[in-house]
Amino acid sequence: MQTAKVTYKGQITIPKAVREALDIADGDSVMLTVKGDYAILQPVRKKPLLEFFGVFPATQPYPGSEAVRKNVRETRGKQRIAGVKP
């Protein structure tokens, strides 16, 4: 069991042994879940974008790159005429 002090800003330092055990590095994110009198700390694992490929079924067939580009140009043109900022 590890302990940590809470600063006046409500911050804690995760002890080195815990960071190493959970493979938490500088810049990583963690999720805190409160269950009764306990707080559970879990590292948020970053996944490469390609791991999400095919997760959701397609709602319509892919029209092709040119059709997508044309649609984006038309939509952005209409937004600019309407004064909508990107």
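Taken together, the values in this text are just the output of simple stated rules run on the coordinates, not laboratory data. In this text the structure is predicted, and so the values were computed from the model without any measurement. As a convention, Cβ positions derive from the backbone with ideal geometry for all residues, glycine included, and neighbour counts pool all protein chains shown.
Figure legend: label point modelled 7 angstrom from the Cα of Thr3 along Cα→Cβ; residues of the stretch 22-41 with amide N under 18 Å from it are 38-39.
Karplus-based coupling profile of the stretch 23-30, in residue order and whole Hz: 6, 9, 10, 3, x, 6, 9, 10, with θ = phi - 60° in 6.51 cos²θ - 1.76 cosθ + 1.60 and x standing for Gly or Pro. Along the stretch 60-66 the Karplus relation, 6.51 cos²θ - 1.76 cosθ + 1.60 evaluated at θ = phi - 60°, assigns HN-Hα couplings of 7, x, 5, x, x, 4, 5 Hz to successive residues, with x for each Gly and Pro.
Here Lys46 is the anchor, and the aspartates and glutamates within straight C-alpha reach of less than 16 Å, apart from those fewer than 8 places off in the same chain, are Asp23, Asp26, Asp28. Put a dot 7 Å past the Cα of Ala25, heading toward its Cβ, do the same for Arg73, and the two dots end up 4.2 nm apart.
Ordering Thr3, Tyr38, Val68 by the projection of their Cα atoms onto the charge dipole of the chain, which places +1 on the Cβ of Lys and Arg and -1 on the Cβ of Asp and Glu, puts Val68 at the extreme positive end.
Just from its helices, what would the mean residue ellipticity at 222 nm be for the chain, if runs of 4 or more DSSP H residues each count -39500 (n - 2.57) and the sum is divided by every residue, rounded to the nearest 500 deg cm²/dmol?
Values: 2 runs with 25 residues, N = 86.
Counting only the DSSP helices, I get -9000 deg cm²/dmol.
Once the C-beta distance of Lys35 and Thr13 is scaled by a Förster radius of 25 Å, the resulting FRET efficiency is 0.65 to the nearest 0.05.
Got a sec? Which residues in the stretch 55-76 would a label at Ala82 touch, if it sits 7 Å along Cα→Cβ and we count backbone N under 12 Å? Once the point is set 7 Å along Cα→Cβ of Ala82, 75-76 turn out to lie under 12 Å by backbone N, inside the stretch 55-76.
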